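Each remark here refers to the structure printed beneath this line.
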Ligand code: 13P
Ligand code: SF4
């Protein structure tokens with residue numbers, strides 16, 4: 001969406017002009033005053049509540065660039081959650097991310113602005129399923145993607161994210177591992193770690209499973225020379241067509257370091273918007289797949305969360321201890 005230019009003189013009367021500068025490529029000036037009202041209220045509420053906002057890379061630019069204190073991929077948000085000193089953490093992302101923050105910093109009040117912000121991967125497996133796998137494959141370590149409930153993590157040996165899955169699998173020094181629940185992530189890791197047999201579960205991300213190799217070939221035909229970067233939740237035949245694959249943070253780093261002239265980010269739509277503002281020289285060709293769960297976050301419900309201290313995310317203590325252990329084992333794995 002291109003920003004509407006204002007006659008000289010009018011731009012200067014926009015509220016919070018220094019913050020508008022960060023989103024001006026994506027938010028028309030005419031829409032800004034209504035958003036700025038919520039932004040100003042949230043900035044004030046963060047002070048009175050002693051709160052911080054952790055936002056995932058898929059959040060819309062008006063959240064990502066204006067009110068967030070810490071932004072990143074799932075791995076970065078988990079790492080940062082440990083060090084939060086404030087009383088309240090608002091997680092602008094999805095429920096499993098808020099649960100992970102709570103596991104790692106149990107003394108804090110962790111809020112999610114909309115409890116319905118789930119994830120198709122988290123919904124694809126239950127704790128009973130994991131117990132069933134353990135019975136069926138005794139002695140095979142279970143590596144569980146963080147995109148799962150705390151109950152599922154509690155049944156697992158170690159967690160992983162898309163940013164460290166390869167390192168986590170290698171760290172186990174096992175001939176066979178179960179990697180659940182994202183079948184495509186597991187298959188993409190299998191390509192990179194052929195020495196380990198990786199058993200999979202049939203869970204999929206509803207956003208990334210939609211991409212096809214034909215999409216990539218089409219974009220390459222329309223934009224000769226374009227750089228294609230795909231998230232590892234995409235099917236393996238899509239990743240095979242890409243120039244690079246990595247977590248959302250790795251995708252962002254690739255773009256800002258390699259500075260391709262034209263790039264397509266084969267992932268959720270807001271990613272491109274969030275990098276584009278600071279990189280006007282790079283042309284982002286956007287596939288428009290939105291994650292309906294991530295998009296449940298808005299400035300309005302973040303403001304409401306801080307006003308009312310809702311909705312609090314809690315994890316039952318016995319479960320929390322076991323789930324935390326799986327996440328902490330992941331965080332202890334060092335890149336090789
Ligand atoms: P990242 O860990 O790469 O940020 O991915 C999280 C996610 O949900 C992607 O769909
Ligand atoms: Fe889950 Fe996919 Fe949405 Fe990420 S993009 S939160 S994996 S549904």
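The values are calculated or read from the model by the stated rules, or taken from the named source; none is laboratory data. For clarity, every value in this text was computed on a predicted model and none was experimentally measured. Positions of Cβ are backbone-derived with ideal geometry, glycine not excepted, and every protein chain shown enters the neighbour counts.
Quick one: which residue in 77, 178 is modelled with pLDDT of 95 or more and under 22 Å from residue 312 (Cβ atoms)?
Numbers: 178 fails: under 22 Å from residue 312 (Cβ atoms).
From the options 77, 178, the qualifying one is 77.
Whether any residue in the range 78-92 is over 16 Å from the mean Cα position of the chain (by Cα), in a strand (DSSP E or B) and more than 16 Å from ligand 1 (Cβ to nearest atom) is what I want to check. Walk me through how you get there before you give the answer.
Just the residues of the range 78-92 that are over 16 Å from the mean Cα position of the chain (by Cα), to begin with: 82-89.
The next check asks that each one be in a strand (DSSP E or B); those that pass are 88-89.
Remaining after also requiring more than 16 Å from ligand 1 (Cβ to nearest atom): 88-89.
Checked the range 78-92: at least one residue is over 16 Å from the mean Cα position of the chain (by Cα), in a strand (DSSP E or B) and more than 16 Å from ligand 1 (Cβ to nearest atom).
I need the helices (runs of 4 or more DSSP H) fully contained in the range 268-336, keeping only those with at least 1 residues that are at pLDDT 95 or above and out of contact with any helix residue (DSSP H, G or I) (no Cβ under 6 Å at 6 or more places or on another chain). Walk me through how you get there before you give the answer.
Details: elements: 270-276, 299-308, 317-332.
Once the helices (runs of 4 or more DSSP H) in the range 268-336 are filtered for at least 1 residues that are at pLDDT 95 or above and out of contact with any helix residue (DSSP H, G or I) (no Cβ under 6 Å at 6 or more places or on another chain), what remains is 299-308, 317-332.
What are the pairs with Cβ atoms under 9 angstrom where one residue, in the range 241-257, is touching a residue at least 24 places away in the same chain (Cβ under 8 Å) and more than 18 Å from residue 192 (Cβ to Cβ) and the other, located anywhere, is assigned to a loop (DSSP other than H, G, I, E, B) and away from ligand 2 (no atom under 16 Å from the Cβ)? Sequence gap at least six, or different chains.
Correct list of pairs: 255/279; 255/282.
In the range 46-61, which residues are surrounded by fewer than 24 Cβ atoms within 10 Å (Cβ to Cβ) and closer than 25 Å to residue 28 by Cα?
Initial filter on the range 46-61 (surrounded by fewer than 24 Cβ atoms within 10 Å (Cβ to Cβ)): 46-52, 60-61.
Listed by number, the residues that qualify are 60, 61.
Evaluate the range 120-137: report whether one residue or more is farther than 22 Å from residue 181 by Cβ, within 16 Å of ligand 2 (Cβ to nearest atom) and surrounded by 21 or more Cβ atoms within 10 Å (Cβ to Cβ). Show your work before the answer.
First, the residues of the range 120-137 that are farther than 22 Å from residue 181 by Cβ: none.
No, the range 120-137 contains no residue that is farther than 22 Å from residue 181 by Cβ, within 16 Å of ligand 2 (Cβ to nearest atom) and surrounded by 21 or more Cβ atoms within 10 Å (Cβ to Cβ).
State all residues of the range 46-62 that are more than 15 Å from ligand 2 (Cβ to nearest atom) and either within 12 Å of the chain's Cα centre (by Cα) or part of a helix (DSSP H, G or I) (or both); if no residue qualifies, say none.
If the condition is that a residue be more than 15 Å from ligand 2 (Cβ to nearest atom) and either within 12 Å of the chain's Cα centre (by Cα) or part of a helix (DSSP H, G or I) (or both), then 46, 47, 48, 49, 61, 62 are the ones that fit.
Among the residues that make up the range 254-276, is at least one of them surrounded by 20 or more Cβ atoms within 10 Å (Cβ to Cβ), more than 16 Å from ligand 1 (Cβ to nearest atom) and more than 25 Å from residue 76 (Cβ to Cβ)?
no
Which helices (runs of 4 or more DSSP H) does the range 149-213 wholly contain that include 1 or more residues that are within 12 Å of ligand 1 (Cβ to nearest atom) and crowded, with 21+ Cβ neighbours inside 10 Å? Outline the logic, then answer.
Values: elements: 150-154, 165-171, 183-192.
Per the criteria, 165-171, 183-192.
Pairs under 8 Å by beta carbon, first residue part of a loop (DSSP other than H, G, I, E, B) in the range 114-133, partner more than 16 Å from ligand 1 (Cβ to nearest atom), six or more apart or different chains?
114/301; 114/311; 115/311; 125/201; 126/151
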